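The values are calculated or read from the model by the stated rules, or taken from the named source; none is laboratory data. Given the structure is predicted, the values throughout are model-derived calculations rather than measurements. Cβ atoms come from the backbone with ideal geometry, glycine included; neighbour counts cover every protein chain shown. The area values use the complete protein model at the heavy-atom level, side chains included, leaving out ligands, DNA and RNA. Shrake-Rupley method; radii C 1.70, N 1.55, O 1.52, S 1.80 Å.
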Amino acid sequence: MPEVKQEPQAPLLPGVVAVALSTAYLIALLAVEKQPLVIGLLAFGIVAVLVAHYMDWLDPVGRSFAEREGVLSAYAVLAACVVAAFFHDNHFVLLLFVTVLLYAVATLGLNIEFGYAGVLNFAGASFFGIGAYTSAVLNTYTAVPHLLVLLIGGTLAALIGSLLLLPVLRTRGHYAALVTIAFALLLKTFLEVNDVLGGPQGMQVKGMSILGWSFNDNFEIGKIEMSFYLNYFVISMLLLCGTFVLVRRLERSWIGLDLDAIRLDETAASCFGLDIARWKITAFVLGNFVIGLAGALFGMVGGFVAPNNYTFADSLIMVSILLLGGIGNPWGVVVATFIVVVLPEKLQTIQEYRFLLYALIVIVVLLFRPEGLLPRPVRRYFPGGRA
Amino acid sequence: MTYLLEARGLTRKFGGVVALDNLDLTVVPNEIIGLIGPNGSGKTTFFNVVTGIYGAHGGSVTFDGADITRASSRAVYHAGVSRTFQRSRLSLPLSIFDNIMIGNHKRLNQGLWFNLVRRGEFKREFEVNYAAARTLIEVFEPRLAERMFEPVAGLPMIDRRRIEICRALISQPKLLLLDEPSAGMTHDETKELMDDILQVRDLNRNLTIVIVEHEMGLIERITDRCVVLNFGRKIAEGPYRQVAVDRQVQEAYLGVE
Ligand SMILES: Nc1ncnc2c1ncn2[C@@H]1O[C@H](COP(=O)(O)OP(=O)(O)O)[C@@H](O)[C@H]1O
Ligand SMILES: [Mg+2]
């Protein structure tokens, strides 16, 4: 058997430097509040990235992330913890941070469906909402353990999503997308007229508690007071890490290859024995499960659900995150979620026009960088020099 | 006589066009058959009907003793038929290795648990198949074996054709259908490609080939037998030397009535 070619490993340093600088930048951006400072910082960030791009500093970063992903992922998690620790008593920033993490999880689910299998889903927010409503109902009316509630939320999203499978499998391209849009509208109407679910006013969600540890109470470490959102940060971070590993393994397997093959050419794929329906179903069910899981946790974080929180417009936000980050690249998803979620929160002037901002982002990306900020690299099954 | 592939009275229409007209075509194991005929005579349609892309409007197809007339493309592949396409159909953003592995589908473990959780076993399976893909592509172009993880989008047409043939061969099919594999190549490139295909066949004696090809020198050199189509009908059959002098065949190619 010929040896898999051994390439010299890319150095770790550029990746570590990039993580460190991004962390410092993120802390600064989250900390400042005065609008001129925020705008200045944003301008500085954009210029810095452009300069790095033209000096070719980004390529070594990309290479070290591609080949030393394991180590750098650990650094990234550490960096997230540093940011959380820095803002340990700041409810607002921590909630924003947790929102980013859970939106990233949901968009990773969407990425399995659209990025890999090519199944368009314009009802991402609806499946997110199904998860959140599951938490609301189960936490209010039952004593189901809350970790189980999360799983049930994901399962329900996957199950309800399978109602769409027939039309999604039968129709191609734009028509399948229309089916998901119709579903989003139907679900919203259903929630609005359903009194058990609180109607248009929505309902409260009891906070999470695991083994008697209530997530909604502030706590102390030593003498230092901690925001209760740190609880949610930890569990959201765990969920994001788990989802990231799942998506990565999926991509770097024969199944990832199958999904790519059917997205790119269904006819050729079936001539080589691929079961188109099986893989579309797998991707759609798995993706919606992940979205529902994130939604269930988000429901408990926010403490409140209402039909208006899970609209078609919110689904478009998820799609725009995917487009901005780079379809199929989980790192791109994480980076883009930060941009799309944090930007309008910090820039109060544009908050009212946030959808305009998203539309602009999508148009600019499609025009100037159609593969997104971090284009998906070609698949390596075991990166790091070995194939 | 047992046939590997046996089409009887095969008919396929597109609107008013009868693309295959009551066609009888048989292939015995280990043969190389040349399927020739002017443009629009139904050669590609024959491949498409056999591989389940189009249904038949009449007649039957038997492969390896089983009726595959109404079988899906998937089932035909699993039965042991692989093909290339007249217009190259590679997945351009994917790597050379990925494209070849798509053809290896039936020999890869597709279980969710295996792929996501049993990474150690997956890695062993990956390495065996990586080695197989390299060995195969080295027959065609050793240079490509060093570039297995580059996207095929950047490669010239001749390399893409080679990869497409490797994709069809990697699963060791019983029957290989080649639809104008040398389209867009120079004379010398075509010769080289055919030599490589014959070399693979020498390694795998069980391989049977049906090839559609316009270069008659090549057909003469590599085929055991030829079938000539015109307007979806078989107008001649036999060794190349024999069909080449057939009056009907010459008329079909010259377009005289
Ligand atoms: N998908 C299709 N739709 C309509 N007509 C088709 C289709 N495929 C083939 N045909 C027609 O069938 C006839 C045979 O075509 P084809 O099998 O491609 O010929 P060849 O491969 O011998 O050049 C032609 O008249 C062609 O126009
Ligand atoms: Mg043809």
Which of A:I339, A:I152, A:I321 moves the most in a Gaussian network model of chain A with Cα springs under 10 Å? A:I339
Label 7 Å along Cα→Cβ of A:V49; segment A:10-26 residues with amide nitrogen under 16 Å? A:18-26
For the protein assembly as shown, whose charge dipole is built from +1 on Lys and Arg Cβ atoms and -1 on Asp and Glu Cβ atoms, the candidate among A:F215, A:Y141, A:S227 with its Cα farthest towards the positive end is A:Y141
Relative contact order for segment A:10-86: what percent, with Cα pairs under 8 Å and sequence separation of 6 or more? 60 percent
Peptide B:103-115 - average C-beta neighbours from other chains (10 Å radius): 5
For chain A, built as a Gaussian network whose Cα springs stay under 10 Å, the top-fluctuating residue of A:S253, A:S126, A:S227: A:S253
Chain A, relative contact order [Cα under 8 Å, separation at least 6], %: 28 percent
Quickly work out the A:A182-to-B:H57 label distance, labels modelled 7 Å from Cα along the C-beta direction, and quote it in nm with one decimal. 3.3 nm
Please build a GNM for chain B, connecting alpha carbons under 10 Å apart, and tell me which residue among B:L175, B:L155, B:L193 fluctuates the most. B:L155
Which of the aspartates and glutamates could a cross-linker bridge to A:K223, judged by Cα under 19 Å and excluding same-chain residues fewer than eight apart? A:D89
Given the pairs A:K188/A:K346; B:K43/B:K191; A:K206/A:K280; B:K43/B:K174, which are separated by over 27 angstrom at their Cα positions? A:K188/A:K346; A:K206/A:K280
Please calculate the 1.4 Å probe accessible area of A:W331, with all protein chains present, and give it to the nearest 10 Å². 50 Å²
Starting from the residue with the highest accessible area, list B:R143, A:R263, B:R119 in decreasing order, probe 1.4 Å. B:R143, A:R263, B:R119
Can you sort A:C81, A:C271 by 1.4 Å-probe accessible area, starting with the largest? A:C81, A:C271
Using the beta-carbon distance between A:L238 and A:L13 and R0 = 22 Å, what value does 1/(1 + (r/R0)^6) give for FRET efficiency, to the nearest 0.05? 0.20
Heavy-atom accessible area per residue, the protein assembly as shown, 1.4 Å probe: how many Å²? 43 Å²
Cα gyration tensor shape of segment A:10-86, rounded if a/c is under 1.5, else prolate or oblate by comparing a/b with b/c: oblate
B:I100 accessible area, 1.4 Å probe, all protein chains in place, Å² to nearest 10: 0 Å²
Contact order normalised by length for chain B, with contacts defined as Cα pairs under 8 Å and 6 or more residues apart; what percent is it? 27 percent
So, with a 1.4 angstrom probe, what is the percent of accessible area on segment A:10-86 that is carbon and sulfur? 79 percent
Mind checking segment A:1-82 for chymotrypsin sites (Phe, Trp or Tyr not before Pro) that DSSP puts in a loop (not H, G, I, E or B) and that have at most 16 other Cβ atoms within 10 Å? A:W57
Net charge, A:R354 excluded, C-beta distance under 12 Å - Lys, Arg +1, Asp, Glu -1: -2
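Treating only the Cβ of Lys, Arg, Asp and Glu as charged (+1, +1, -1, -1), what charge dipole size does the protein assembly as shown show about its Cα centre? Round to the nearest 20 debye.
The calculated dipole for the protein assembly as shown is roughly 620 debye.
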Taking the simple approach of a point 7 Å from Cα along Cα-to-Cβ for both B:T135 and B:D224, what is their distance in nm? 2.5 nm
Hey, if we sort A:L164, A:L185 by accessible area with the 1.4 Å probe, largest down, what's the order? A:L185, A:L164
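Efficiency by 1/(1 + (r/R0)^6): what FRET value for B:N39 and B:A66, r their Cβ-Cβ distance, R0 = 35 Å, to the nearest 0.05? Write down the numbers at each step before the final one.
Numbers: r = 32 Å, r/R0 = 0.92.
My answer for the efficiency is 0.60.
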The protein assembly as shown: C-alpha gyration tensor shape, a/c 1.5 cut-off, then a/b vs b/c: prolate
Can you pull the accessible area of B:V139 for me, 1.4 Å probe, Å² to the nearest 10? 30 Å²
Interface size between chain A and chain B, please: total buried accessible area, 1.4 Å probe, rounded to the nearest 100 Å². 3600 Å²
Run the quick spin-label model on A:V32 and A:A85: label points 7 Å from Cα toward the beta carbon, then report their separation in nm to one decimal. 2.5 nm
When only alpha-carbon atoms are used, what values of Rg and Dmax, in angstrom, describe segment B:92-171? 12.9, 39
Estimated 222 nm signal from helices in the protein assembly as shown, with DSSP H stretches of n ≥ 4 weighted -39500 (n - 2.57), rounded to 500: -18000 deg cm²/dmol
